[in-house]
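Read through the structure below, which is laid out as structure tokens, and then see the notes.
Each reported figure results from applying straightforward, stated rules to the coordinates on display, with no laboratory input. Remember, predicted model here, so these are calculated numbers, not experimental data. Here the Cβ is made from the backbone with ideal geometry for all residues, glycine too, and neighbour counts use every protein chain on show.
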Amino acid sequence: MTITKSISITVDRAHLEEVSGAILHAVLFQRVLGNLSAKELAVLDVAVPAIDNGSIEGVVVKHAKEVSSTASDRATLALVLSENKLRKVNHWFGFGEQEHTEQIPWECWIINFNVLTSKSENHKQIIYHNTQSDLRKALLQIVQFTDEHKEHIPPIMTADLSPFPFHILVNPPPIPPPNRSNSPRSNAAAAASRALTGEKEKGKEKPNDQAQAHHNSYFTAPLHSIARRITRDTNEQE
């Protein structure tokens, strides 16, 4: 079963690339789970945890640029984490079985951006501070969710930096094309589409149901250094 987490953030178009990159970095920092080196980024004067690795940074930068260049007034990023599972399949010619590795998604992050274009310097400052606040809240949500949801994480079977393959999709369609090949990216796209469909169904809940769901989803802040730091920053900002 694929666990889904959705985050929404309002951002000035001028800052979409760096903010989207910050969210991806923060999720990967919590979920890569390999032998990693950490670093800290400053995005809109907010401290963002990241993995100090050129390959991962290159993937994040590539997709942050893509979402920034293609966004209208809405944009979506999906980050899908998978595990490699060895399966036995019938040989093409019917002679016995052969082993096949398939990537099975276990967690999907949907990041929705409400993209605004500032119309004046005063408007720009208002959006900047709103985006700054949303980014802090998003970072705290990431820490809370990853601390609270660990039981579904598959066992780590490798010493690689990234034991779990991940795929990033820019503006994934709500209905993916037919997945005839079971390719890793097709499986990730299918998981993202299911998550987006779930978001739409959730949006149809009655107001009372939504209020109860919000109440039940509240988590007390975990004893985590990054969470404490983000919480402190938010309190100082207020």
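What length, rounded to one decimal in nm, is gained on full extension from S72 through to T10, with 0.36 nm per residue of separation minus their alpha-carbon distance?
On the way: separation 62, 0.36 × 62 = 22.32 nm, distance 1.29 nm.
Net length gain for the segment: 21.0 nm.
Using 0.36 nm times the number of residues separating R87 and D147, minus their current alpha carbon distance, what extension gain do you get?
Additional length available on full extension: 18.5 nm.
Highest mean first, how do 30-36, 185-191, 43-49 rank when packing is the count of other Cβ atoms within 10 Å averaged over residues? Don't skip to the end; give the middle numbers.
Values: 30-36: 15.7, 185-191: 20.4, 43-49: 18.4.
Those peptides, ordered most packed to least, come out 185-191, 43-49, 30-36.
Quick one: Cα centre-to-centre distance for segment 141-157 and segment 18-84, in angstrom?
Here the two parts' Cα centres lie 17 Å apart.
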